[in-house]
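Scroll down for the structure; my scribbles are underneath it.
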Amino acid sequence: HRDRHVGAGDDDRERAVDVARIGGLRDRLVDRIVAEIPDVARTTAHDAAVAGFAHLCFGGLESEELLFLLDDAGVCASAASACASGAQQSSHVLAAMGVDPDLARGSLRLTLGHTTTVADVDAAAAAVIGAAQRLQAVAR
């Protein structure tokens, strides 16, 4: 029946608006962290990244230490790519991308979704920045 497809264009437009909003939040998160933390690298350009995924690598930091502090701050994150979740070694994807192994040891993946707000992003950015600064101070 043709009438089953009425409104499908509206769904597509709503989805596009949501993807753009989430992508903007991801950019806000990544930009705040990169602006505050030395020796952090984006693994994808804003225009090439999936809207709901932020992936960064922190030079001189270990992912597990960063994750411990983020967990204490109530921020859920992962050290590995989704395809390597649970692995204790650097991602083979990061290696294939040419990311230096020392930098890859500090990898961090954050995800955003349709319920993520500006306040959520700002809180997560503050937690990541605080945790990274704390670990960098200890490493000096």
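The values are calculated or read from the model by the stated rules, or taken from the named source; none is laboratory data. Quick caveat: nothing in here was measured; it's all calculated off a predicted structure. Cβ placement follows ideal geometry from the backbone for every residue including glycine, while neighbour counts extend to all protein chains displayed. Remember, those area values only see protein heavy atoms, side chains included, never the ligands or the DNA or RNA. Shrake-Rupley method; radii C 1.70, N 1.55, O 1.52, S 1.80 Å.
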Next item on the list: Give me a count of the residues in segment 107-140 that are farther than 21 Å from residue 49 by Cβ and not in a helix (DSSP H, G or I).
Entry: 1
Notebook entry, point to check: Do we find a residue being open to solvent by 80 Å² or more (accessible area, probe 1.4 Å), at pLDDT below 95, among the aliphatic types (A, V, I, L, M) and under 12 Å from the mean Cα position of the chain (by Cα) anywhere in segment 85-97?
Noted result: no
Item checked: Lone qualifier among 69, 112 - being touching a Lys or Arg at 6+ places or on another chain (Cβ under 7 Å), farther than 28 Å from residue 21 by Cβ, modelled with pLDDT of 95 or more and not small (Gly, Ala, Ser) -> 69
Notebook entry, point to check: For segment 63-76, what are the residues that are assigned to a helix (DSSP H, G or I) and either open to solvent by 70 Å² or more (accessible area, probe 1.4 Å) or among the polar types (S, T, N, Q) (or both)?
Noted result: 63, 64, 65, 68, 71, 72
Checklist line | Residue, most open to solvent (accessible area, probe 1.4 Å), within segment 27-62, restricted to residues that are assigned to a helix (DSSP H, G or I) and modelled with pLDDT under 90 | finding: 47
Check: In segment 108-140, how many are of a type in the set (D, E, K, R), surrounded by 11 or more Cβ atoms within 10 Å (Cβ to Cβ) and under 14 Å from residue 38 (Cα atoms)?
Finding: 1
